[in-house]
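Below: one structure, written as structure tokens.
The values are calculated or read from the model by the stated rules, or taken from the named source; none is laboratory data. Predicted, not measured: the structure shown is a model, and the values here were computed from it. FYI the Cβ positions are ideal-geometry reconstructions off the backbone, even for glycines, and counts take in every protein chain you see. When the accessible area is computed, the model is the full protein with side chains, heavy atoms only, and any ligands, DNA or RNA have been set aside. Shrake-Rupley method; radii C 1.70, N 1.55, O 1.52, S 1.80 Å.
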Amino acid sequence: IDFDLILENVKDLNVLAGEGTSQIEHTPGGARLRRPEPLPLTLYQNGIVMFNGPFRPYEDPSTQQCLQDIMDGYFPSELQMRYPDGV
């Protein structure tokens, strides 16, 4: 696992997802600025935790696919169900 590549690509993906920008959210009395919700990802020596969920060891095939997607420069494909309109 190339951790440097993962960190570099996460930074790029964060920019694509709108890091540092705000969106207009309409409210009954007007509108307000809203920042996109962050997606927590914690890298450990022997696995990851995403969404404050369970620990996922690197040996797990779904973890390997998730990290491979990131190393390839894409959002993890497992997020498609959670974000059907994109991140």
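Observations, loosely collected:
- Whole-percent carbon and sulfur share, accessible surface of the range 1-77, 1.4 Å: 53
- Theoretical ellipticity at 222 nm over the chain - DSSP helices of four or more residues, -39500 (n - 2.57) apiece, nearest 500: -9000 deg cm²/dmol
- Inter-probe distance in nm under a simple model that places probes 7 Å from Cα toward Cβ, at V10 and S77: 2.2
- Label corresponding to Cα Rg over 2.2 N^0.38 Å when calculated from the structure given, among (1) 1.32; (2) 1.21; (3) 1.26: (3)
- Taking Cα atoms only, the orientation of helix 61-71 departs from the longest principal axis of the chain by about 60 degrees.
- Packing, taken as the mean count of other beta carbons within 10 Å per residue, orders the peptides 37-46, 60-69, 19-28, 75-84 from highest to lowest as 60-69, 75-84, 37-46, 19-28.
- Length gained when the stretch D2-S62 is fully extended (0.36 nm per residue, less Cα-Cα span): 19.9 nm
- Per residue accessible area in Å² of the chain, where ligands, DNA and RNA are left out and the probe is 1.4 Å: 74
- I1 - accessible surface, heavy atoms, 1.4 Å probe, Å² rounded to 10: 110
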